[in-house]
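Worksheet for the structure shown next.
The values are calculated or read from the model by the stated rules, or taken from the named source; none is laboratory data. Only a predicted model underlies this, so the values are computations on that prediction, with no experimental measurement involved. Here the Cβ is made from the backbone with ideal geometry for all residues, glycine too, and neighbour counts use every protein chain on show. Please note that ligands, DNA and RNA were not included when accessible areas were found on the heavy atoms of the full protein model with its side chains. Shrake-Rupley method; radii C 1.70, N 1.55, O 1.52, S 1.80 Å.
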Amino acid sequence: MKQSLPTIALIFLIGFTGHSQITQKIGNNPTTLNPSAVFETESTTKGFLPPRMTTVQRDAITPPPAGLTVYNITTNTLQIYNGTAWLDCNPRREVVVVPVNGTIKASGTQSQIFHFPSCSSGNCRETVVLPRDATDGLEHIIFNLGQGTVVFKHPTEDYVAFVALSGKDLVTNDFVLNPNQFVKVTYLDLKKFNPSSFFTGAWLFND
């Protein structure tokens, strides 16, 4: 019995799509496939353009699966969701030098490295005020190379928790970094996990 051309094409298509894993490729050399990839692109004149959206539009994706990738046009960064928080790919960190006995407010949108000048006097006391609201997963790095102390203070509006990863609750206290010590702080958006939370977020001190 003769089979029409559309029928033969349909049979072939069904058999083709029934294969367990078929690599798909867009761009140059479409028949040269990487056996480890399920999807591949190749070009020497064009790039890969991920979905572009604002932070508000990104946060409207609920629930985001781990591995989801977008370009955030609010912060101008490529971001990946790790299952808990949105993380910048190769985040840019601004280097900030804090003057002796000075006070500075940390950014809530850009990662920063705080450098404190060498202070020969043990009476030096620099202050870093951490914001109440910040990008979920934002990190700051602080080096205290002086002889004095660095104090991390709550913002004036408060409603943000300070928690040390060693387990000590620092909600009602400032965090003090002693001479020749290093600490990394990460912001956790508590409202995202619990909209009724008293605290808008928490700064986690990797001590």
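Ordering Lys46, Lys25, Lys184 by accessible surface, largest first, gives Lys46, Lys184, Lys25; the 1.4 Å probe counts only protein heavy atoms, with every chain in place.
The residue list Gly67, Val100, Gly47 was ranked by how far each Cα lies along the charge dipole of segment 28-162 toward its positive end, using unit charges on Cβ atoms, and Val100 comes out on top.
Rounded to 0.05, the FRET efficiency of the Ala66 and Leu165 pair, given R0 = 30 Å and the Cβ-Cβ distance, is 0.85. Placing a pseudo-label 7 Å from each Cα along the Cα-to-Cβ vector at Ile80 and Gln147 gives an inter-label distance of 4.6 nm.
Using a 7 Å offset from Cα along Cα-Cβ at Asn29, what residues in segment 44-63 end up with backbone N under 12 Å from the label point? Label zone hits: 44. Accessible surface ranking for Thr84, Thr45, 1.4 angstrom probe, highest first: Thr45, Thr84. Here segment 25-134 carries DSSP beta bridges of which approximately 35% are antiparallel, counting only pairs with both residues inside.
Across segment 38-43, coupling constants 3J(HN,Hα) worked out from phi with the 6.51/-1.76/1.60 Karplus curve, θ = phi - 60°, read 8, 9, 9, 10, 9, 6 Hz, and Gly and Pro carry x.
Within the assembled protein chains, the solvent-accessible surface assigned to Lys191 is about 80 Å², based on a 1.4 Å probe. Extension gain for Gln57 to Arg93 (0.36 nm times residue separation, less C-alpha to C-alpha distance): 10.5 nm.
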